[in-house]
Number of protein chains: 4
Amino acid sequence: MNNVIPKPSVPAPDIVRCAYLELVVTDLAKSRAFYVDLLGLHVTEEDENTIYLRSFEEFIHHNLVLRKGPVAAAAAFAYRVKSPAEVDAAEAYYKELGCRVERRKEGFTKGVGDSVRVEDPLGFPYEFFYEVEHVERLTQRYDLYSAGELVRLDHFNQVTPDVPRGRKYLEDLGFRVSEDIKDSDGVTYAAWMHRKQTVHDTALTGGNGPRLHHIAFSTHEKHNIIQICDKMGALRISDRIERGPGRHGVSNAFYLYILDPDGHRVEIYTQDYYTGDPDNPTVTWDVHDNQRRDWWGNPVVPSWYTEASLVLDLDGNPQPVIERTDASEMAVTVGADGFSYTRKDDDGAPGSGVEGFKLGAQV
Amino acid sequence: MNNVIPKPSVPAPDIVRCAYLELVVTDLAKSRAFYVDLLGLHVTEEDENTIYLRSFEEFIHHNLVLRKGPVAAAAAFAYRVKSPAEVDAAEAYYKELGCRVERRKEGFTKGVGDSVRVEDPLGFPYEFFYEVEHVERLTQRYDLYSAGELVRLDHFNQVTPDVPRGRKYLEDLGFRVSEDIKDSDGVTYAAWMHRKQTVHDTALTGGNGPRLHHIAFSTHEKHNIIQICDKMGALRISDRIERGPGRHGVSNAFYLYILDPDGHRVEIYTQDYYTGDPDNPTVTWDVHDNQRRDWWGNPVVPSWYTEASLVLDLDGNPQPVIERTDASEMAVTVGADGFSYTRKDDDGAPGSGVEGFKLGAQV
Amino acid sequence: MNNVIPKPSVPAPDIVRCAYLELVVTDLAKSRAFYVDLLGLHVTEEDENTIYLRSFEEFIHHNLVLRKGPVAAAAAFAYRVKSPAEVDAAEAYYKELGCRVERRKEGFTKGVGDSVRVEDPLGFPYEFFYEVEHVERLTQRYDLYSAGELVRLDHFNQVTPDVPRGRKYLEDLGFRVSEDIKDSDGVTYAAWMHRKQTVHDTALTGGNGPRLHHIAFSTHEKHNIIQICDKMGALRISDRIERGPGRHGVSNAFYLYILDPDGHRVEIYTQDYYTGDPDNPTVTWDVHDNQRRDWWGNPVVPSWYTEASLVLDLDGNPQPVIERTDASEMAVTVGADGFSYTRKDDDGAPGSGVEGFKLGAQV
Amino acid sequence: MNNVIPKPSVPAPDIVRCAYLELVVTDLAKSRAFYVDLLGLHVTEEDENTIYLRSFEEFIHHNLVLRKGPVAAAAAFAYRVKSPAEVDAAEAYYKELGCRVERRKEGFTKGVGDSVRVEDPLGFPYEFFYEVEHVERLTQRYDLYSAGELVRLDHFNQVTPDVPRGRKYLEDLGFRVSEDIKDSDGVTYAAWMHRKQTVHDTALTGGNGPRLHHIAFSTHEKHNIIQICDKMGALRISDRIERGPGRHGVSNAFYLYILDPDGHRVEIYTQDYYTGDPDNPTVTWDVHDNQRRDWWGNPVVPSWYTEASLVLDLDGNPQPVIERTDASEMAVTVGADGFSYTRKDDDGAPGSGVEGFKLGAQV
């Protein structure tokens, strides 16, 4: 599977943005408590098996579908395309790639019309659609605005073993790379890729995959994210705060990672930057730069590197997970074999910042 | 020295608030870069050996004196008292306690008048003064307001081996306890004590002492603290961020701990609560409650427990450090011997929150 | 009535802080919608005639009592004193002043014990109590924290015709003046007076009185106040936003004035400064300084000067309103007779800031 | 001139975003004090006649050029296009429109290459360029981050007599309308139009034109805007705050309008919403809705409607100003002839919100 993915001769579909994720959860009531009661996502529609949720400023039917199922997993990463014709383009594109493709004129989920779902070359279930039900955009419904309000879907993050291979495939599909993490040997550890004018619509994180690393929602301001932490403390579920809050080096966003009842990871994210110019500069980070993942040098917890959600094929079965063979970011940065610096040109003297990260690192 | 400190027969001086700290630093230029260029404290006066600094909303001459010296240490914890007569009261009080006492009508530092300094029963250099030079209060000088502006001195934090002994002494001196950390065996690990109407003017942290744990300045809002982190990242000194930012369980404040060039610890702190009622409820935390020190359950780094600054006697020599013999908070909460919970009544089943803190704890 | 109020020979009661206001409202359901649904105050207790409300960080039974009655008015301005004995002191103090005094061991409202109510020399119904029921302090109940959360009762504001007369009376009662507004002829237009360590527990606004100008609650941060405006917009009650948001010159607080269904004025307030030192500098503002009431020079609407709530005597009848005979702040600053400046020393040339306030002043 | 502007047969240039404004100022030192010292824009380059400024997250040479000249005016509204070929497209497009067109391979300002400037059909000096010098993007230079930091150029706003005529022209040019203000007679008072994925790159405000209404920069958070107000208060130039801060109805952004030393208007703006989907819903506001321009119902000052900056032709002479003949928004909403409502369906009873805006409206 590690061969290069060829670029189809037909044009790639014109993708607008990441639009929604379909997530299989094992206990719908627990998931509802997490996404609705804790995070305050707005219910567009729900029945006993499925909940359709959207963020505060969304006008399409949903950004997240929670579907009850036997195995926690991601069932679809759905992108909106620019016109109905682009759904045809997507179908043709993936057919030429030799992928399994399924077209449904009535859509795969409520509120969405003509769509195509594919098992993409990296093993992910991608969906492309244009037709969608418009619903009330809550932008000025400040009577419904919670202290930790999630205002937009920002991005997906996918785990894949071979990042350069996946990156080439997504660049062919029309994504542009805003940032990446590499080392001096040329290994790529992660890449951030966008269609809309933010840092990413999706990112590739090097690791055993295909798996869903996380889905990210954005808030207006930083204090909204702090409130989510505070609320999780009040609810005595601080052990579901996995990492953060912090400031990313990559993307510059203020962030938080939390875990839903099935262990699906959710990022809360705010204030990255505009990337809409054609020559938007790509930022490359050294994997040994201790500020790349957290600008304040706070450690990345190991689970953040190792844990992720299964993804489903079009029959609803989990895709097999293939091991990454390139160097692991965790291995090269954390613990005895790792080596990170705060200031690149320090000489290694005590306090120089070469020898590691923080005073007082956790035992 | 572990005998109970008797309550003097004369009245305790009427203390208003913690007012300034005198800190010996080994490289004045480096310290200036930290406190003035990085943190934006305002220089009231300076010469080649000393810098007098104040926070944005202060109207007395200084909240921090940096004095060049051979050994990094805290030279004085200064409290303002309610009237000139209370300086006399302080002198009499400590004389009856049998402490070494020095009175200087012209003050020990510029800008401060008639003062008394003592080597207190816990070994700390305490100062009491009323007379002080008023300087421009910068409260509405928003032309000087930086993005991470420090607006007030909030508190001191002192390390002492025997917290109940120190607490009794400070209660006799007129401080009231707002919060403390204990275990079910009756060991006290820390106590927070106030005169002004906030959670503390000083706190006692159990450990080898007498030592200065930290000095704390407050900001108006949480984003001001985040900016200080961001700026330290930009200056590539993120390795001087020791712990945080986070939300304290104790005090409820949003916090950050950073280290100055000599390793003196500075807390940046905002939004604790009003404690001015006579029956303000005292909050007691269980040492095993994993949200006590960080409401979000983020780990306390070991250095935060073990490192602290020496304090000086009235001759300017470091006080000998006496070891704590009570249980250590770090030992009972971090690592193999520790035991903490997120939810007290969980049954210990996987995911119950009893067995430890976070998924993904740092290796 | 304009004679000087004598200072009693007995000591003034030792007041801790403003504690609660009792407000008569004409439609309890509408008032509940305003204070509970819109502002998010927390219901301690309620029945068909009365609602007891508290702010987020309060631990006493209530900060606001809404009582159904025929005439909208303020029934009591209640202060907490330092001990039960201070209630006796208050009773004696007002008896010597010749005021009508009523003592109730069981209290005047639920949750409060032994209290004294008086018709004070300015005509206001003042209450003093110590005994009070402690209730859950919600400080860390972030699961209940709304985006516009009111965290503390901050102050009262009273309209009285003769400010210097009222100020002398309140200073005798132990209040200290933090700020005032005067003109060069010696007229005092307003004064801010505190017991707790903020800018005020109550203020005197010159005007026809006795009347209640407003009650003020504080938020943690400025965005919380903006959210209240945004929510009032969403509820299409923006016409109940009377003035602001803005930055006060006096007090330096960020503020907003809104009107409840009966026209009672509520201020939302954050980030004034510490006033606890005995020599806290008093700030005097020139009535012609256009930044005194709004640091950004935004105009004060006339209703803010003219409208206020009646206050009741101890029988529940409205106190007669006596006209102010000193110059009116509105008359000397707004419109044809007014004269204000942005920069005091400007020469009156066009654009110099002498001739008025803003370009684009409202017609 | 009120005939319809025909759509050219050649394709419109593919515009990326508004990129910079060239502004003629009469006193460069005073303008520098305003834009650099007060607002903190970053100087890319300067000489005795010109200053090139950029916002914090910009990577192209400048967003604002201040050029010393005899008459305060806007000399160019510059848009970046998607590729060098699109400059050719722009040239052809405006030639077919019969406009005066000037092409300069070396650019009209430093840092910008091959450009075309035109006198567009509405009388505005528009520029289109692709080639530009990349400069340091300061995104993570938090050591340079001020409390009121301007992070992006957001939009232009142009005054033109006939909004529908201008809107048709800009739609032909590829702009899409996000929001507009109309009345029930079909008069259009203003329209907001975008290329990048925000509410606008430019807007048309109905009035005497062609004139520049304002240029807008965005901040990260709302408190950054409040700080700019606070700083203007501290500098005693609050009379240069023309309107706000407030929350817009249109765009939902938090805003502030201030005036530079020449009277050029600058908006500070934050937190509008994503508009990148092809079917992004257009929001139409009723001109009589009192929350359309300020969500909190605060009045628009008359100067905001009447004052604006001249624009120059390609010879540097001011364009003649043509009067608007359609109804004026100010006339239909402010004062005796105006009529606005807070709640559309109210019956006009006192307090119903029909009869006007606010209690306490300014005299």
Calculated log₁₀ intensity ratio I(q)/I(0) where the Debye formula runs over C-alpha points of the range C:220-274, q = 0.17, 0.21, 0.26, 0.29 Å⁻¹: -0.51, -0.75, -1.03, -1.18
Of the DSSP H helices in chain A, those whose Cα atoms cover at least 15 Å axially and whose Kyte score averages -0.5 or more: A:222-234
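Could you work out [θ]222 nm for chain C from helices alone, using -39500 (n - 2.57) per DSSP H run of at least four and dividing by all its residues? Round to the nearest 500 deg cm²/dmol.
-4000 deg cm²/dmol
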Pseudo-label separations to other copies for residue B:323 - Cα-to-Cβ vector, 7 Å, nm: 4.7, 8.4, 9.4
About the Cα centre, charge dipole magnitude for chain A (Lys/Arg +1, Asp/Glu -1 at Cβ), debye: 260
P(r), alpha carbons of the range C:1-105 - 10 Å bins starting at zero, rounded %: 14, 35, 29, 19, 3
Rotation relating B and D, chain D residue nearest the axis via C-beta, angstrom: D:147, 2
Compactness index (Cα Rg / 2.2 N^0.38 Å), the range C:134-278: 1.12
Cα-derived Rg over Rh, computed across the protein assembly as shown with Rh taken as Kirkwood radius: 0.96
Copy-to-copy label separations for residue B:282, where each label sits 7 Å from Cα toward Cβ, in nm and ascending: 3.9, 6.3, 6.9
Tail fraction, Cα-Cα pairs, chain B, threshold 36 Å, whole percent: 18
A/C buried area, accessible surface, summed, 1.4 Å probe, Å²: 1000
Size of electric dipole in the protein assembly as shown: Cβ of Lys, Arg +1 and of Asp, Glu -1, about Cα centre, debye, nearest 20: 0
15 Å tail of the calculated P(r), the range D:138-199, as % of Cα pairs: 61
DSSP-loop GluC sites (Glu not before Pro) across the range C:17-60, with at most 15 other Cβ within 10 angstrom: C:48
Computed over chain C: relative contact order in percent, which uses C-alpha pairs under 8 Å that are six or more apart: 16
Semi-axis lengths, Å, the range B:197-326, gyration tensor of Cα atoms, sqrt of 5 times eigenvalues: 23, 22, 15
Distances in nm from residue A:133 to the matching label points in the other copies, shortest first (labels 7 Å along Cα to Cβ): 4.7, 5.5, 7.3
Per-residue mean of C-beta atoms belonging to partner chains within 10 Å, peptide D:219-230: 6
Share of carbon and sulfur in the accessible heavy-atom surface of the protein assembly as shown [1.4 Å probe, %]: 50
Separation of alpha-carbon centers, the range B:284-300 and the range B:25-90, rounded to whole Å: 32
Volume per residue of the C-alpha convex hull in the range A:81-144, rounded to whole Å³: 107
Debye equation applied to the C-alpha atoms of the range D:39-155, log10 I(q)/I(0) at 0.10, 0.13, 0.14, 0.15 Å⁻¹: -0.34, -0.56, -0.64, -0.73
Cα-based Lys proximity count in the range C:15-310, under 21 Å, for pairs eight or more positions apart or on separate chains: 12
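Within a Cβ distance under 15 Å of residue A:316, other residues only, what is the Lys/Arg minus Asp/Glu net charge? Let's see the in-between values first.
Numbers: positive: A:67, A:68, A:100, A:104, A:117; negative: A:22, A:102, A:119, A:127, A:313, A:315.
So the environment of residue A:316 carries a net charge of -1.
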Mean accessible surface per residue for the range B:131-245, computed with a 1.4 Å probe while every protein chain stays in place, in Å²: 23
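The values are calculated or read from the model by the stated rules, or taken from the named source; none is laboratory data. Just so it is clear, the model here is predicted, and its values are computed rather than measured. Reconstructed Cβ throughout: ideal geometry from the backbone, glycine too, with neighbour counts over all protein chains shown. With ligands, DNA and RNA removed, areas are computed over all heavy atoms of the protein, side chains included. Shrake-Rupley method; radii C 1.70, N 1.55, O 1.52, S 1.80 Å.
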